[in-house]
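The values are calculated or read from the model by the stated rules, or taken from the named source; none is laboratory data. Remember, predicted model here, so these are calculated numbers, not experimental data. Methodologically, a virtual Cβ is constructed for each residue, glycine included, from the backbone with ideal geometry; neighbour enumeration extends over all protein chains shown. With ligands, DNA and RNA removed, areas are computed over all heavy atoms of the protein, side chains included. Shrake-Rupley method; radii C 1.70, N 1.55, O 1.52, S 1.80 Å.
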Amino acid sequence: MARPTLVLAGGFGSRLKSVVSDVPKPLAPVCGKPFLTYLIENLVLLGAREFIFLLHYEADAILSVISEYIDSIGKDDIKITSLVEDRPLGTGGSIMNAVNVLNIKQSFMVVNADTWLGCGFERLSFSSPNTISAVEVEDCSRYGALDLANGKIKRFIEKKSSSGPGLINAGLYHLSPDIFQEFSASANFSLENDVFPSVLDRNELSAIQIETDFIDIGIPKDYLRFCKWIEADKSYEL
């Protein structure tokens, strides 16, 4: 798979501190192994070969885990690059920084380092750029919902206006570097709250529904649920 995969792994993980206080959120332990290792393993299995890790908080610890994993699997076809921000740039600013520093001209994949999406990576990589993955959940109130029509996102429904079952943003994206052109370099801004609404206004933001296991470990309840799922050898749907 030729497209690079940018991994957003620079957050502080404040909501998870009550149960994971000694390591950054991507390294939250799951049955004796960091969550990030499960994520990389799955992405490699699905075809990813070039990773760009976007880091800030506890970057050295995360880099150490990445290095140990790559050494352990002995694959020489996997390329790893990392960018450590000296100050938080937000999800949008972090990606724009990578685009500028690494001179990325082609479309690329983006994943969140705290989100598990069982499959869909390959399907999304062959979609048109500026497409996000969507999954159906029983309660949209934590995430906000997506309003779709013929594969295009018509609007984002805010969390406070969302409840019950529906489609949500699953945190896996295929993006074009062009969508960051209107934003200032080195600025702190959000992919979800700033960039996506701008692309949506031009009717250029698409979504593909993925039917797969999904979880965001950002809160204790869901982190512990993922731990139990792994402990049960993924024997049931998340």
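Hey, can you tell me all the residues within the range 68-89 that are in a loop (DSSP other than H, G, I, E, B) and either in contact with a Leu (Cβ under 9 Å, 6 or more places away or on another chain) or among the basic types (K, R) (or both)?
K75, E85, R87, L89
Which residue pairs have Cβ atoms under 9 Å apart, sit 6 or more places apart or on different chains, and have a first residue in the range 192-208 that is under 21 Å from R123 (Cβ atoms) and a second that is assigned to a loop (DSSP other than H, G, I, E, B) and of a type in the set (A, V, I, L, M, F, W, C)?
Going by the 9 Å Cβ cut-off, the qualifying pairs are F196/L205; V199/L205.
With respect to the numbered conditions (1) in a loop (DSSP other than H, G, I, E, B); (2) open to solvent by 30 Å² or more (accessible area, probe 1.4 Å); (3) not β-branched (V, I, T), which one is the sole condition not fulfilled by L167?
(1)
Report the residue count in the range 209-238 for those that are open to solvent by 40 Å² or more (accessible area, probe 1.4 Å), in a helix (DSSP H, G or I) and free of Cβ contacts under 8 Å to residues at least 12 places away in the same chain.
Selection size over the range 209-238: 2.
Could you grab me the full set of residues in the range 2-16 that are open to solvent by less than 70 Å² (accessible area, probe 1.4 Å) and modelled with pLDDT under 95?
R3, G10, G11, G13, L16
What do you reckon, is L43 at pLDDT 90 or above, within 12 Å of A113 (Cα to Cα) and out of contact with any helix residue (DSSP H, G or I) (no Cβ under 6 Å at 6 or more places or on another chain)? Outline the logic, then answer.
Details: at pLDDT 90 or above: yes; within 12 Å of A113 (Cα to Cα): yes; out of contact with any helix residue (DSSP H, G or I) (no Cβ under 6 Å at 6 or more places or on another chain): yes.
So L43 fits the description; yes.
Check whether at least one residue in the range 142-149 is farther than 24 Å from F12 by Cα, more than 13 Å from the chain's Cα centre (by Cα) and in contact (Cβ under 8 Å) with a residue 24 or more places away in the chain, and report yes or no.
Checked the range 142-149: at least one residue is farther than 24 Å from F12 by Cα, more than 13 Å from the chain's Cα centre (by Cα) and in contact (Cβ under 8 Å) with a residue 24 or more places away in the chain.
Could you check the range 140-159 and list, in sequence order, the residues that are in contact with a Ser or Thr (Cβ under 6 Å, 6 or more places away or on another chain), farther than 14 Å from D201 by Cα and part of a strand (DSSP E or B)?
Within the range 140-159, A145 is the sole residue that qualifies.
Can you tell me which of G90, G74 is of a type in the set (G, A, S), out of contact with any strand residue (DSSP E or B) (no Cβ under 9 Å at 6 or more places or on another chain), open to solvent by 20 Å² or more (accessible area, probe 1.4 Å) and without any contact (Cβ under 8 Å) to a residue 60 or more places away in the chain?
Details: G90 fails: without any contact (Cβ under 8 Å) to a residue 60 or more places away in the chain.
None of the others qualify; the one that does is G74.
Which of (1) within 28 Å of I179 (Cα to Cα); (2) of a type in the set (D, E, K, R); (3) loosely packed, with under 14 Cβ neighbours inside 10 Å does E50 not meet, given it meets every other one?
It is condition (3) that E50 fails.
Taking the range 24-42 as the region of interest, how many residues are aliphatic (A, V, I, L, M) and either surrounded by fewer than 17 Cβ atoms within 10 Å (Cβ to Cβ) or in a helix (DSSP H, G or I) (or both)?
So the count comes out to 4.
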